[in-house]
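Enquirer: One structure follows; several queries about it will come next.
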């Protein structure tokens, strides 16, 4: 009698097994006894039978919540995107088959800096353009006027009119950036407007622009940037502008210019100094020594008998200029270099603020790291005597005869 309950339970289990494994479709009771480990709690499986057979699709019941990193990416984009513009510049180049002028378009990016419609971008985006058109994030288009350029720092200031509800970008401070800091680039690469990429600051270094001028404290990043990104903002994790995307490293193997994980941006602190000049004076105030110069190499130094085989020789000191006020001296001895008249005997500049000066570009780069009114320390040779002279830089309003600095 005691075995009867046991036998009864075994018969019930055997019957249940037979029904579930032989008579019912496979998996018909799966939902009653267990959940497939491959199907998440927020997913459902649907089955469809058609001419090609049975299809089972596992679909999410709802979109998953964004994680913290995704939320930050989205927040940066939403904050910055209304300030970013696409820039189309049109130039006229010759010629087609019938020798007629042909318009050529270039594309770049920029960002709005105030409610008056001022837009900051790279000078090379709009250089020599006959017309410039700006497209806002809401697809509205406006003709733009180039109201200021700074060739040295590759910056240009544009303005559009009658645009409503503009959203200016927030400009950060780029003097305390750190390698490893997360950054975002938004722009118009290859014409794909509103594109955002992400990376880090790879380095802070001095870089040379294609023009030959140098940008100090340029921001190197591995965020993907390509042709069309030029002039667009480089942003920190709060969506504030820390730099202006300017160029990518050249491909050493040739081929098309495209991202190789090495892009550069002009620090926004440099751009803000240029903007301040535009606002106060309507132009950039390029610092100047007010001198006419002659580059010196080893051959010239040996022929003239100079104490150093490099440097910048002062041929002429411009009246009333920075060099004259500091007591610097120009040449007094007429000579010829080929068919060109030169004046020898002046001071030889070999350093600025402790930085060695060997070429005119070195001198130009050293001065461009300053503003008109700043004081620099020149290292010079006067005759055979090495000495230092403090010079307060002036404002280079115009170039007066010859190569000036």
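Enquirer: Report, to two decimal places, the Cα Rg of the stretch 216-326 normalised by 2.2 N^0.38 Å (N = number of residues).
Expert: 1.58
Enquirer: Taking every DSSP beta bridge with both residues inside the stretch 69-159, roughly what % is antiparallel (nearest 5)?
Expert: Numbers: 31 of 31 bridges.
So the antiparallel bridges amount to about 100 percent of the total.
Enquirer: Can I ask one more? What Kirkwood Rh does the stretch 182-281 have if only Cα atoms enter the pairwise 1/r average? Answer in Å.
Expert: On the way: mean 1/r = 0.0726 Å⁻¹.
For the stretch 182-281, inverting the mean 1/r across all distinct Cα pairs yields 13.8 Å.
Enquirer: Subtract the Cα-Cα distance of residue 262 and residue 279 from 0.36 nm times their separation in residues, and report this length gain in nm to one decimal.
Expert: On the way: separation 17, 0.36 × 17 = 6.12 nm, distance 3.28 nm.
Working it through step by step, the gained length comes to 2.8 nm.
Enquirer: Between residue 57 and residue 355, what length comes free when the chain is fully extended (0.36 nm per residue of separation minus the Cα-Cα distance, one decimal in nm)?
Expert: My answer for the length gained is 100.4 nm.
Enquirer: Roughly what would the spin-label model give for residue 392 and residue 304, points 7 Å off Cα along C-beta, in nm?
Expert: Output for this residue pair reads 2.9 nm.
Enquirer: Let me know the volume per residue of the alpha-carbon convex hull for the stretch 287-395, in Å³.
Expert: Normalising the Cα hull of the stretch 287-395 by residue number yields 92 Å³.
Enquirer: Kindly state, to the nearest 0.05, the FRET efficiency for residue 176 paired with residue 79, given R0 = 25 Å and r defined as their beta-carbon distance.
Expert: My answer for the efficiency is 0.75.
Enquirer: Still on this structure: Can you give me the relative contact order of the stretch 69-159 as a percent, contacts being Cα pairs under 8 Å and 6 or more apart?
Expert: Details: 167 pairs, mean separation 24.7, N = 91.
Answer for the stretch 69-159 is 27 percent.
Enquirer: Can you sort 174, 230 so the residue with the fewest Cβ neighbours within 10 Å comes first? Write out the running numbers ahead of the final one.
Expert: Values: 174 23, 230 27.
Fewest-to-most Cβ neighbours within 10 Å comes out as 174, 230.
Enquirer: Hey, with R₀ at 30 Å, roughly what FRET efficiency would residue 67 and residue 167 work out to, going by the Cβ-Cβ distance, to 0.05? Intermediate values should be presented prior to the final figure.
Expert: Working: r = 27 Å, r/R0 = 0.91.
FRET efficiency, residue 67 to residue 167: 0.65.
Enquirer: Could I ask something else about it? Can you pull the one-decimal nm distance between simple spin-label points at residue 143 and residue 48, each 7 Å off the Cα toward Cβ?
Expert: In this crude spin-label approximation the distance works out to 5.3 nm.
Values in this text are rule-based calculations from the coordinates and carry no lab data. Bear in mind that the values here come from a model prediction, so they are computed numbers and not experimental data. Quick reminder, even Gly has a Cβ in these numbers, built from the backbone with ideal geometry, and neighbours come from all protein chains shown.
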